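This report concerns only the one structure given below.
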Amino acid sequence: MHVLYEDDGGFKAATILSETDASLQVEATSGKRSKIKKSAVIVRFEQPSPEALLKQAEEASQELDLEFLWECAPKDDFDIPVLAEEYYGHPPTPVEQASMLLRVHGAPVYFHRRGKGKYRPAPPDILAAALAALEKKKRQAEQQQAWVDEIKAGALPEPLARQAETLLFKPDKNTLEWKALDAACTQLQMRPERLLMNLGAFPSALSIHKRRFYVQHFPRGTGFAPVEVPPVGRDLPMADVEAYSIDDITTTEIDDALSVQPLDDGTLRVGIHIAAPGLAVTRDSGLDAIARARMSTVYMPGDKIPMQPDEVIASFSLDAGRPVPAVSLYVVADPETGEILSHESRIERIVVRENLRHNVLDERVDEASLADPNAELPYGHVFRPLWRLAQALSAKRDAVRGKPESNNRIDFSFYVDGDPDHPEQATVRIEQRKRNAPLDRLVAEYMILANSVWGGLLASCGVPGIYRSQQMGRVRMGTAAAPHDSIGVPQYAWCTSPLRRYVDLVNQGQLIAAIDHGVSARLVAPFKPREADLYAIISAFEAKYGAYADFQQSMERFWCLRWLKQQGLRRVEAVVLREDLVRLKDAPFYTRVGTLPALERGRHVMLEIMGDDELDLTLDCRFVDVVEAADQGEEIEDEPPAEAQVEVAETDAADGPDPSDLPLDAPTEPDTGKDQEPKT
């Protein structure tokens, strides 16, 4: 005797070995023995064999018309033998019962299961809806397969082309378009971004990198709606100074300027003048909300996304020849020793005499001409006294640091000629300049001085600010003044880039209160002591600043790869950092070379370029030979952690500022608090 029984949602046939009142011991065709409950048995039979029964029933079930079965089935619950007898017109055989069971059980749209061996026909309206859903699903499957076939043939279906950006950056994985793209990627063994780029949904890898960043950080676009800048609302005295700004040729947000006046006793009165948007962009105002949402200007080769609207920049940028509000720090100092004899902070208007540019002056201003009063030097009456004091201030910081500051590294500037959004129509230039250029060091020294003195002013007035500190090698941001060991100052608050960095704008609002009200400023300052919102700003700023830095590094890697192609280079010189990690000698591109032998840090090697990938931002190189270079002693910085997605330790505190403490657009620049413009 054999039985057909239900097991785990399916049906099995087996031979009875023994039977009790409540259970059966059965043996399957495979020889496996099982114990089943009697209530699970649906059909008992002697012929045919269990294996033959299932095979014959499966074949016979396909011949049964579901619609006819549904029409002739009882309207209430029924057992399979009842429906089988009514359908066949005679007591059903075991095979007929089994075939009816398999057919009814396999059609849940037509028949709803009501228990073991019991079913009920679906109501007409529910059946109609279910059949419509099945038909829709069938059409969708056919459409999906058609799209997959079209993609595999090298064409992008129009519905997918319209949603390419959404599919790649914010996909709804329940949509038919995503399922088709995912299926095609699986079959072609290709990532979605590469497949969409190959099919022409994106013009280049650069557009994918940019759009991914914009969708995440600028979902409403990078532009601004028209805004109205409120008037300053106070009469500001005009400063009697001869001030100059020193920036890159592409700078449009001019934050700072310097002035100097020799005094009769041999000391110098130096003015550090910072743009003052904090006079109009006040806490919780509409303009403040715009700046807070962005937190910083975003830099990339050939382009930038400003933090402030153009109207704010036009109102407060220290452009030459017009009176502009400024927060000024005047220090009287001994240029021989660097001792600050007195300092005073003012809110005033200044007229910058001229906006000087590094590109024009760097080759004409060197240490020798600065030291020689008889040498020809443009703006020598300004640069020479500023340089003397800057050297003394640097020496004082070095004494605190315990060692001279490293300034022998190379900076790389990117200049993109043409449309930076279309790399095929643009040409990139990468130029090198020593970080110890006198004008760089001069400006950096006075920005450090301003950030330190103003940080001390906030602390002395009991006004909270946002400080950066470094102690025991750890860099952190907080609301209390603390030493910055690698810079060598007792406190350090970013205050000198309020047009480009939200932390500086917040600090400027606090600083204005401290200048106006002194020790009572804590009562009227925009942010009060221990206010939780300051910590929220720090957290949001660090997250945004880090993401912007990663994006900038990605863009620089892309343009490095494009530069290699434009130069037609197949062999390149590189500098060993450690193990198999190298940096190209003439471009800030870091990569690993698997065939690199064990070499000491700083050795130059020749590499052969085997290939590159602008989407993954990788370069495949092979070691060729060791190169004897004249600049083997050049100081080489470690790659920023986000570069090349390799684990690279941060610069040791003893070797200079921590990489996380560096300006956004120059990952290894000394922490001057002065952002630099992108190289366009």
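The values are calculated or read from the model by the stated rules, or taken from the named source; none is laboratory data. Everything quoted here is computed from the prediction, not taken from an experiment. Cβ coordinates were reconstructed from backbone atoms using ideal geometry, including for glycine residues, and neighbour counts include every protein chain displayed. The area values use the complete protein model at the heavy-atom level, side chains included, leaving out ligands, DNA and RNA. Shrake-Rupley method; radii C 1.70, N 1.55, O 1.52, S 1.80 Å.
Results, tabulated for the structure shown:
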read-out: Solvent-free Debye scattering, log10 I(q)/I(0), computed from the Cα coordinates of the range 49-115 at q = 0.25, 0.27 Å⁻¹; value: -1.16, -1.32
read-out: Counted charge near S315, where neighbours are those whose Cβ lies closer than 13 Å (Asp, Glu -1; Lys, Arg +1); value: -3
read-out: Heavy-atom accessible area ranking, 1.4 Å probe, most first, across K37, K12; value: K37, K12
read-out: Rg/Rg_ref, the range 264-355, where Rg_ref = 2.2 N^0.38 Å and atoms are Cα; value: 1.37
read-out: Percentage, to the nearest whole number, of Cα pairs in the range 356-409 over 17 Å apart; value: 47
read-out: P(r) tail fraction, the range 4-161 - alpha-carbon pairs more than 30 Å apart, %; value: 34
read-out: Neighbour count of at most 10 Cβ within 10 Å plus DSSP loop: longest GluC sites (Glu not before Pro)-free window in the chain; value: 377-599
read-out: Projected-area average for the range 382-539 over all orientations - Cα convex hull basis, square nanometres; value: 12.5
read-out: Rounded accessible area of K32 (nearest 10 Å², 1.4 Å probe); value: 140
read-out: Reach of K434 by Cα under 24 Å, taken over lysines that are not fewer than 8 positions away in the same chain; value: K304, K396, K403, K585, K674, K679
read-out: Distance (nanometres) between label positions extended 7 Å along Cα→Cβ at M1 and L66; value: 3.6
read-out: In Å², nearest 10: area of M606 left accessible to a 1.4 Å probe; value: 50
read-out: In order through the range 224-237: 3J(HN,Hα) via Karplus (6.51 cos²θ - 1.76 cosθ + 1.60), integer Hz, x for Gly, Pro; value: 10, 6, x, 10, 10, 8, x, x, 4, x, 7, 7, 10, x
read-out: Net charge contributed by nearby residues that have their C-beta within less than 14 Å of L377 (K/R +1, D/E -1); value: -3
read-out: Nearest-10 value in Å² for the accessible area of L176, using the 1.4 Å probe; value: 40
read-out: Solvent exposure ordering (accessible area, 1.4 Å, most first) of T496, T595; value: T595, T496
read-out: Qualifying lysines (Cα of each under 18 Å from Cα of K179; at least 8 residues distant if same chain); value: K136, K137, K138, K152, K170
read-out: Calculated P(r) of the range 344-473 - Cα pairs past 23 Å, %; value: 53
read-out: Trypsin sites (Lys or Arg not before Pro) restricted to DSSP loop in the range 553-600 with at most 10 other C-beta within 10 Å; value: R570
read-out: Mean separation of Cα contacts under 8 Å (6+ apart) over length of the chain, as relative contact order %; value: 10
read-out: Cα-only Debye scattering, the range 173-332: base-10 log of I(q)/I(0) at q = 0.19 Å⁻¹; value: -1.22
read-out: Ratio of the Cα radius of gyration of the chain to 2.2 N^0.38 Å, where N counts its residues; value: 1.43
read-out: Positive minus negative residues near S30 (Lys, Arg vs Asp, Glu; Cβ under 14 Å); value: 0
read-out: Qualifying aspartates and glutamates (Cα of each under 20 Å from Cα of K55; at least 8 residues distant if same chain); value: E6, D7, D8, E27, E46, E63, D65, E96
read-out: Accessible area in the full protein assembly, largest first, 1.4 Å probe, for T250, T282; value: T282, T250
read-out: Alpha carbon convex hull of the range 472-519, volume per residue in cubic angstrom; value: 98
read-out: Backbone HN-Hα couplings from phi across the range 499-508 [Karplus 6.51/-1.76/1.60, Hz, Gly and Pro as x]; value: 7, 10, 9, 5, 4, 5, 5, 4, 4, 5
read-out: Residue-normalised accessible area of the chain, given per residue in Å² at a 1.4 Å probe; value: 45
